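Undergrad: The structure under discussion is supplied below as structure tokens; questions concerning it will follow.
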Amino acid sequence: MNIKPIGERVLLKPIKKEEKTKSGILLSSKSSNTDTQNQAEVIALGKGEKLEGIKVGDKVIFNKFSGNEIEDGDVKYLIVNAEDILAIIG
């Protein structure tokens, strides 16, 4: 599937959170770090003016209660509005 966001929207691929600690201890879903749940990689961009400074491949932090989830086979993506991207990581 080839997904191209339109307007002020961004296609994101969420970054899966680590399920174990650095020492190798496995964590349950309730005790794992929730900070990474709203981090994603930018896959595609619309052509909106608010997207200035965001590039394909950037790692971003987004509002975790935003966007529409879509699936392509086993891969999950999110389409979010530009204003839901809070920061670029790195």
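Just so you know, all these numbers are worked out from the coordinates, no wet-lab data involved. No experiment lies behind these values; they were computed from the predicted model shown. When we count neighbours, we look across all protein chains shown, and the Cβ atoms used for this are built from the backbone with ideal geometry, even at glycine.
Undergrad: For the chain, modelled as a GNM with alpha-carbon contacts under 10 angstrom, which of Gly53, Gly24, Gly67 fluctuates the most?
TA: Checking each option, the largest mean-square fluctuation is seen for Gly24.
Undergrad: Give a quick list of GluC sites (Glu not before Pro) in region 36-83 that DSSP marks as loop, anything other than H, G, I, E or B, with at most 13 other Cβ atoms within 10 Å.
TA: When the GluC sites (Glu not before Pro) of region 36-83 are filtered for loop state and at most 13 Cβ neighbours within 10 Å, Glu52 remain.
Undergrad: At a threshold of 8 angstrom on Cα-Cα distance, excluding pairs fewer than six apart, so keeping six or more, what relative contact order does the chain reach in percent?
TA: 34
Undergrad: OK, next. Among the chymotrypsin sites (Phe, Trp or Tyr not before Pro) within region 53-90, which fall in a DSSP loop and have no more than 13 other Cβ atoms within 10 Å of their own Cβ?
TA: Phe65
Undergrad: Could I ask something else about it? Please sort by residue number the trypsin sites (Lys or Arg not before Pro) in region 37-90 whose DSSP state is loop and whose Cβ has at most 11 other Cβ atoms within 10 Å.
TA: Hits after loop and neighbour filter: Lys47, Lys55.
Undergrad: I want to check the label-to-label distance for Lys4 and Phe65. Put each point 7 Å from Cα in the C-beta direction and report it in nm to one decimal.
TA: About 3.4 nm, to one decimal.
Undergrad: Could you state the per residue volume, in Å³, of the convex hull enclosing the Cα atoms of the chain?
TA: 107
Undergrad: Calculate the spin-label point distance for Ala44 paired with Thr21, positioning each point 7 Å from the Cα along the beta-carbon direction, and give it in nanometres.
TA: 4.2
Undergrad: Find the eigenvalues of the gyration tensor of the Cα atoms of region 37-85, then list the square roots of 5 times those eigenvalues as equivalent ellipsoid semi-axes, largest first, in whole angstrom.
TA: One finds semi-axes of 18, 12, 11 Å for region 37-85.
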